1. Using each residue's phi in region 132-144, evaluate 6.51 cos²θ - 1.76 cosθ + 1.60 at θ = phi - 60° and report the 3J(HN,Hα) Karplus result to the nearest Hz, with x for Gly and Pro.
2. How much length is gained if the chain between L66 and L293 is pulled fully straight, taking 0.36 nm per residue apart and subtracting their Cα-Cα distance, in nm to one decimal?
3. Can you tell me what the convex hull of the Cα atoms of region 2-230 projects to on average, as an area in nm²?
4. Taking amide H positions as placed 1.01 Å from N in the peptide plane, with prolines and chain starts having none, which residues 5 or more places from F173, or on another chain, fall under 5 Å of its amide H?
5. In the neighborhood of M407, defined by Cβ-to-Cβ distances under 14 Å, what is the net charge if each Lys or Arg adds +1 and each Asp or Glu adds -1?
6. Mind checking the angle between helix 265-278 and the chain's longest principal axis? C-alpha axes, 0 to 90 degrees, to the nearest 10.
7. What number, in percent, do you get for the relative contact order of the chain if the mean sequence gap of Cα pairs under 8 Å and at least 6 apart is divided by its residue count?
8. Sort E184, E102, E222 so the one with the fewest other Cβ atoms within 10 Å of its own Cβ comes first.
Amino acid sequence: MKIIQSFWTKPTYHNSDDANARFNGGWPNQKYAFYSFALSALTINRFYDKNELFTDNRGKELFNGLLELPYSNIHTNLEKINHHHPKLWAFGKLVTCADQNEPFIHLDNDIFIWDKIPYDDDQYDIITQNVETNFPGYGKTFRYMLSNFETIPDELIKSYYKNGNILAHNAGFIGGKKLEFFKELHEKAKLLIEGNQHHFNNIDVGIFNTIFEQQLGYAIAEKNNLQVQYLFEDVQPNFVEIIDFSTIPLISKFIHCIGFAKKSVFACEQIEARLQYHFPEYYKHLKNKLHKLFPNEGFDNEIEVPRLQKIFDFYDFVENITAEELLNTKFSLNKDCVIDFDADPMTIEFTIPYSGKKDKKYLEGWHSILLYFLEPVSVQELHDELHKDQDFIKQFGEGFIDFKTKMLSFVLEKTLLLEILEPEDIKVSQLA
């Protein structure tokens with residue numbers, strides 16, 4: 001199974017006030033866009049010999065000439081769509097997938113992997129990231145389409161009224177052996193776009209992209225009774241399950257910095273740190289090269305050494321421990337954190353690592369669990385103790401079934417991203 005990626009440059013270089021536009025690939029600036037492209041391709045290449053890029057002439061110059069990424073092949077098939085509207089950022093992927101003549105999996109340029117994609121091509125026609133049910137954003141634009149568009153694929157309308165919901169495939173990960181599906185999706189999307197371009201000023205075109213790529217994709221797969229494998233089940237609208245940098249590689253094997261996640265300072269920090277940690281020689285070469293070419297884009301501003309040292313120590317820690325050992329590792333509150341027991345509700349004050357600024361959180365819900373870490377305690381010990389607390393179990397409801405995994409994710413997040421918690425016996429390195 002080959003991996004493919006695509007990159008149509010026209011939307012990327014089109015500056016827009018649209019919250020769903022793709023200027024700089026959705027990242028705050030070029031620095032993190034370039035680091036994301038690099039980390040994505042390089043992590044994929046650790047598991048796949050064949051990773052092809054489908055782009056245009058400008059994209060080939062970017063990925064091959066500037067970023068020097070080792071794709072097995074770079075195609076410029078997307079040069080043929082440069083007459084299309086720059087806000088149609090998903091169209092390049094549809095064209096790319098429709099052009100394939102052998103089974104494939106397409107991964108977005110903001111996806112990073114720590115394992116092979118477990119696609120079962122014997123059982124499933126296609127694979128996609130997850131199903132979205134009534135996710136925020138679709139409704140307003142789709143209702144406008146139903147009322148005003150001259151042409152809408154029958155599949156979209158039938159699926160909507162059959163299910164009573166807006167159902168869509170998140171296509172961050174998408175591919176499979178059923179090549180006819182991708183060709184049909186491209187053709188139907190093209191007709192939908194070309195027949196209704198005069199409505200673009202009245203809709204959120206960014207959301208329109210998710211409709212003709214993901215909602216229409218679901219409807220066509222449903223119509224053709226395709227067997228669809230989902231890489232993730234029961235994904236929440238905030239996509240917390242797929243942007244969990246803190247549990248790599250024990251729990252999280254696949255990260256997708258979807259939309260809003262790119263705006264997170266923590267996500268940007270982790271992209272840069274992971275690139276520097278896993279691919280140090282490449283990072284150093286790329287940083288120096290880009291600093292000379294783009295002196296005002298912040299490539300000379302790296303993560304401060306004390307913070308980077310703690311991040312690398314954390315990476316070393318989770319890379320060299322088993323899941324069972326991690327469950328039995330004791331964690332405790334950072335001694336610099338201050339709990340106000342007199343406040344109602346109680347609060348915890350801590351320093352945000354990347355900025356040095358003070359912040360406070362109420363010790364409610366999940367954050368109330370931090371009180372258990374006044375003394376060293378492991379996730380396993382905490383799970384066993386809380387399992388006896390009927391009031392606690394009622395508070396978390398059915399979610400308590402996978403509480404241990406969620407607790408582990410919570411603890412590691414508070415360790416890596418905010419440094420509120422500290423594991424015992426973590427080895428401290430010295431960065432040069």
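Every read-out reported here was derived from the displayed coordinates using simple, explicitly stated rules and does not represent laboratory data. What you are looking at is a predicted structure, and each value in this text was computed from that prediction instead of being measured. Please note: Cβ atoms are built from the backbone with ideal geometry, for glycine as well, and neighbour counts cover all protein chains shown.
1. 10, 10, 6, 5, x, x, 5, x, 4, 5, 5, 5, 4
2. Contour length minus the Cα-Cα distance gives 80.8 nm.
3. The Cα convex hull of region 2-230, projected and averaged over all directions, gives 11.9 nm².
4. Excluding prolines and chain starts, which carry no amide H, the hits are Q129.
5. Counting the neighbours of M407, the net charge comes to -3.
6. 90 degrees
7. Across the chain, relative contact order equals 15 percent.
8. Least to most surrounded, the residues fall as E102, E222, E184.
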